[in-house]
1. Kindly list the number of the only condition in (1) exposed (fewer than 15 other Cβ atoms within 10 Å of the Cβ); (2) not in a loop (DSSP other than H, G, I, E, B) that fails for residue 80.
2. Starting from region 172-190, take each residue that is within 9 Å of residue 200 (Cα to Cα) and list its partners that are part of a helix (DSSP H, G or I) and open to solvent by less than 20 Å² (accessible area, probe 1.4 Å), counting only C-beta distances under 6 angstrom and pairs at least six apart or across chains.
3. Which one of 48, 72 is within 20 Å of residue 283 (Cβ to Cβ), assigned to a helix (DSSP H, G or I) and at pLDDT 85 or above?
4. Scanning region 123-167 for residues that are among the β-branched types (Val, Ile, Thr) and more than 28 Å from residue 80 (Cβ to Cβ), which turns out surrounded by the most Cβ atoms within 10 Å (Cβ to Cβ)?
5. Of the numbered conditions (1) in contact with a helix residue (DSSP H, G or I) (Cβ under 9 Å, 6 or more places away or on another chain); (2) part of a loop (DSSP other than H, G, I, E, B), residue 115 satisfies every one except a single condition; which is it?
6. Given the residues 67, 132, 87, which is the only one that is of a type in the set (D, E, K, R) and more than 23 Å from the chain's Cα centre (by Cα)?
7. Any chance region 255-273 includes a residue that's at pLDDT 90 or above, of a type in the set (Lys, Arg) and within 28 Å of the chain's Cα centre (by Cα)?
Amino acid sequence: MKLRALIRQPLAHFLLLGVLLQLAQDWIPAPSDPIRVSTADIERLREDWRRDTGRAPDAAQLEASTRRWLEDEALLREALRLGLDQRDAVAQRRLLMNLRFAYPESSLDDAALLREAEALEMGHSDLVARRRLIQAMEQRLLAESAPSEQELRDYIAAHPQRYATPPRYSFEQVFLDASRKPEAARHELASLRAGTVPAGDAFLLGAQFRGLTEAEIARQLGRSLAAAVAAAQTGEWIGPVASPYGTHLLRLQSREQGAAPDFAAVRRQATYALQAEREARQLALARAKLLQRYRVEAEPGVTLVSSS
């Protein structure tokens, strides 16, 4: 009786339907029409990379570009197989706009024009429609799942530099120009520790720095100097420390301790970041899995990456 009652529950029907849909997706036979890769395709990918970066791709970069193009092609074919070009509003508007422009005297209605676009394979050839259909297919591959509170707390704890309030430092410096000999810095440091008035060189950013985080110091004076300030003991002259500008002698005046992340304040930001990371991993796996269903053929002389 308990089993019969469970089977009658709507939730059980919903879960069973989800399992059946997943099984059906896995059992869909591989498409018979292969993805063909020509020498012209590889050259186009090479030129796209050169245009975007200003330099030619190396072998690994060209391989990555080729694989992404193959995955995009598989996504596009799935989108067209599912009829998304006939159902996605953005893709439809693009295709209709193109056909209205090409045939301004046509009296066909939107439905007839969309059938014409399908016959002309415009969803495959039009770059804007193509990109939209690929994006729509990517969204279908993503399974939304909101992270739990504990997952968010663990994520925030694992990224303190992103969500915690960092310490702030106030310090002073004596700057020595790069033309100075190394002995000059050691001599100045000894004089400072003995209480002598420093005789450093002029520095554009000044001698006093107030309430800066380590990251802010690094942006102004370099990572090595920022790390030296963060590790310094309050009130003690240290150095010499090199920067892109020259040599510095430093004295930490005060350190304002940071604070642990406020969960309530950063929860939304952390949720977006964690979901974005999850989706990126999930999408990469889904794209690769989809490509495995397609046979890829290449012209002689074209080396293909493995779709596994």
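1. (1)
2. Matching pairs, first to second residue: 176/185.
3. Of 48, 72, the one residue that is within 20 Å of residue 283 (Cβ to Cβ), assigned to a helix (DSSP H, G or I) and at pLDDT 85 or above is 72.
4. Here the answer is 156.
5. Of the numbered conditions (1) in contact with a helix residue (DSSP H, G or I) (Cβ under 9 Å, 6 or more places away or on another chain); (2) part of a loop (DSSP other than H, G, I, E, B), the odd one out for residue 115 is (2).
6. When all the criteria are applied, what remains is 87.
7. yes
The values are calculated or read from the model by the stated rules, or taken from the named source; none is laboratory data. All of these numbers come straight from a predicted model, not from anything done at the bench. Positions of Cβ are generated from backbone atoms using ideal geometry, with glycine treated the same way; all protein chains shown enter the neighbour counts. Surface areas here come from the heavy atoms of the whole protein model, side chains and all, with no ligands, DNA or RNA. Shrake-Rupley method; radii C 1.70, N 1.55, O 1.52, S 1.80 Å.
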